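First the structure, in the form of structure tokens, and then the observations on it.
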Amino acid sequence: MDFRPTEEQEILRRTVREFAESEIRPHVMEWDEAQQFPSDLLPKLASLGLLGITFDEKYGGAGMSAVDYCICIEEIARVCPSIALSVAAHNGLCTAHIARFASEELKDRYLPRLVQGEVLGAWGLTEAGAGSDAAGMRTTAARQGSCWVLNGAKTFITHGRTGGVMVVMAITDRSKAHRGISAFVVEHGTPGMSAGKKENKLGMRASDTSEVIFENCRVPAAQLLGQEGHGFIDTLQILDSGRIGIAALSVGLAQGAYEAARDYAKERRQFGQPIASFQAIQWKLADNATRIEAARLLTYRAAYLRDRGMRTTRESSMAKLFASEAAVKAADDCVQIHGGYGFVKDYPAEKYFRDVKLLTIGEGTSEIQRLVIARQLLGQ
Ligand SMILES: Cc1cc2nc3c(=O)[nH]c(=O)nc-3n(C[C@H](O)[C@H](O)[C@H](O)COP(=O)(O)OP(=O)(O)OC[C@H]3O[C@@H](n4cnc5c(N)ncnc54)[C@H](O)[C@@H]3O)c2cc1C
């Protein structure tokens, strides 16, 4: 067993950290307040390979491993969880679904554009009435001659407005329940597809989230992604790897919050001494640092197993569950250690506190992760 990162991984971590510190940190609050994804950042992310982290070099991807992917997401999230969410959704959901299950024709058409940052990818599973119970969706795709005609609406879609390409799950045969759901690649701007309400969110505000509506939206038959009826089954595999990404995002956010709390505790003086000298503060720092290490180990182990071609349903859910809940605690303690200054926007604590809550909700709530883990344990 070897827990040491390789020299290349050390360099990767340093490179992404420097990029996040110089290109993202100075703008974090400006982008949060504007509630807008900074499109100027796309070519910069692409030039570092961050929009095609694990994808084949023949499409312009960086060809990195799942462990490398975690390093990238963790380092961006340490500085701005919101940008990390956009990068994770683009890589881990939309682009991953196309790279894994699409025909060569679709891969050739979309992967180069996605990995070069020409367009951001969106991925639409959730609907207003179908969140945790995603297979209960109502959006349909009906075959008409050489086209599929999509009708319905997807809710809470990352890059629903700003994206250029979307993978959409829709019912193609209602009688077959979850085996009657298929995936499609739809380009934003296709007649009949429109962005609905933009969500005004608690956190992750630089990452655009909106509704996407399909009204008699006709897409060529070749836009079917993977086999007909396999969309939901493939989705479960995409979520297995996507959840490792959310776990890495949680580790990064927790690390950022912990560092902000530690630095403030050393600087802030009360009763004639730095508050870091009080045991109550030390215990919070020690507990958070320990939880973050444990979360990191679960996350990187799940990624390591993926890199060896193993199915990681249980490990991904365990990493996501533990890391996201550890991050919630780290962000809460960060505000507490800052006292009143944790409640105002001059310090990073309040933003970590707002951003973190998405992590126990997106890509399956904590309750759903427990359900997935229990099913795996009980062999159901
Ligand atoms: C910022 C943001 C970005 C998102 N991005 C995307 C995206 O890009 N693409 C996409 O498809 N979706 C996206 N989502 C949707 C996200 O995945 C869902 O919000 C999530 O799966 C939960 O679904 P829901 O909100 O409908 O909650 P619900 O499913 O209604 O859950 C409500 C509560 O009930 C609990 N619950 C539900 N079922 C059970 C059960 N069986 N046992 C115990 N408890 C249960 C839940 O844990 C939760 O606490 C995003 C959401 C947000 C907020």
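The values are calculated or read from the model by the stated rules, or taken from the named source; none is laboratory data. From a predicted model like this one, the values you see are computed outputs, not experimental measurements. Please note: Cβ atoms are built from the backbone with ideal geometry, for glycine as well, and neighbour counts cover all protein chains shown.
Go through the range 207-235 and count every residue that is of a type in the set (S, T, N, Q) and under 21 Å from the mean Cα position of the chain (by Cα). Before the answer, list the steps.
Initially, the range 207-235 is screened for residues of a type in the set (S, T, N, Q), giving 207, 209-210, 216, 223, 227, 235.
The next check asks that each one be under 21 Å from the mean Cα position of the chain (by Cα); those that pass are 207, 209-210, 235.
Of the residues in the range 207-235, 4 are of a type in the set (S, T, N, Q) and under 21 Å from the mean Cα position of the chain (by Cα).
Within 15 Å of the ligand (Cβ to nearest atom) and within 20 Å of the chain's Cα centre (by Cα): which single residue out of Ile71, Ile76, Ile98 fits that description?
That would be Ile98, the only listed residue that is within 15 Å of the ligand (Cβ to nearest atom) and within 20 Å of the chain's Cα centre (by Cα).
Filter the range 212-230 down to the residues that are within 15 Å of the ligand (Cβ to nearest atom) and in contact with a Phe, Trp or Tyr (Cβ under 8 Å, 6 or more places away or on another chain) and list them by number.
Correct list: Leu225 only.
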Evaluate the range 75-91: report whether one residue or more is over 23 Å from Ala331 (Cβ atoms), of a type outside the set (A, V, I, L, M, F, W, C) and modelled with pLDDT of 95 or more.
yes
Applying the selection to the range 214-256, what residues are buried (at least 20 other Cβ atoms within 10 Å of the Cβ) and farther than 25 Å from Gly52 by Cα?
Phe214, Cys217, Val219
Residues satisfying the stated conditions in the range 139-176, i.e. more than 21 Å from Ser86 (Cα to Cα) and basic (Lys, Arg):
Arg143, Arg174, Lys176
Going by the conditions given, is Arg314 closer than 23 Å to Ile373 by Cβ and in contact with a helix residue (DSSP H, G or I) (Cβ under 6 Å, 6 or more places away or on another chain)?
yes
Ser103 being away from the ligand (no atom under 16 Å from the Cβ), surrounded by fewer than 17 Cβ atoms within 10 Å (Cβ to Cβ) and under 27 Å from Tyr69 (Cα atoms)
yes
Gly63 passes all but one of the listed conditions (1) away from the ligand (no atom under 16 Å from the Cβ); (2) farther than 22 Å from Thr162 by Cα; (3) in contact (Cβ under 8 Å) with a residue 24 or more places away in the chain; the exception is number (3)
When you scan the range 133-159, how many residues do you find that are surrounded by fewer than 16 Cβ atoms within 10 Å (Cβ to Cβ) and touching a Cys at 6+ places or on another chain (Cβ under 7 Å)?
0
Touching a residue at least 12 places away in the same chain (Cβ under 8 Å), in contact with a helix residue (DSSP H, G or I) (Cβ under 7 Å, 6 or more places away or on another chain), assigned to a helix (DSSP H, G or I) and more than 16 Å from Thr158 (Cα to Cα): does that describe Leu50?
no
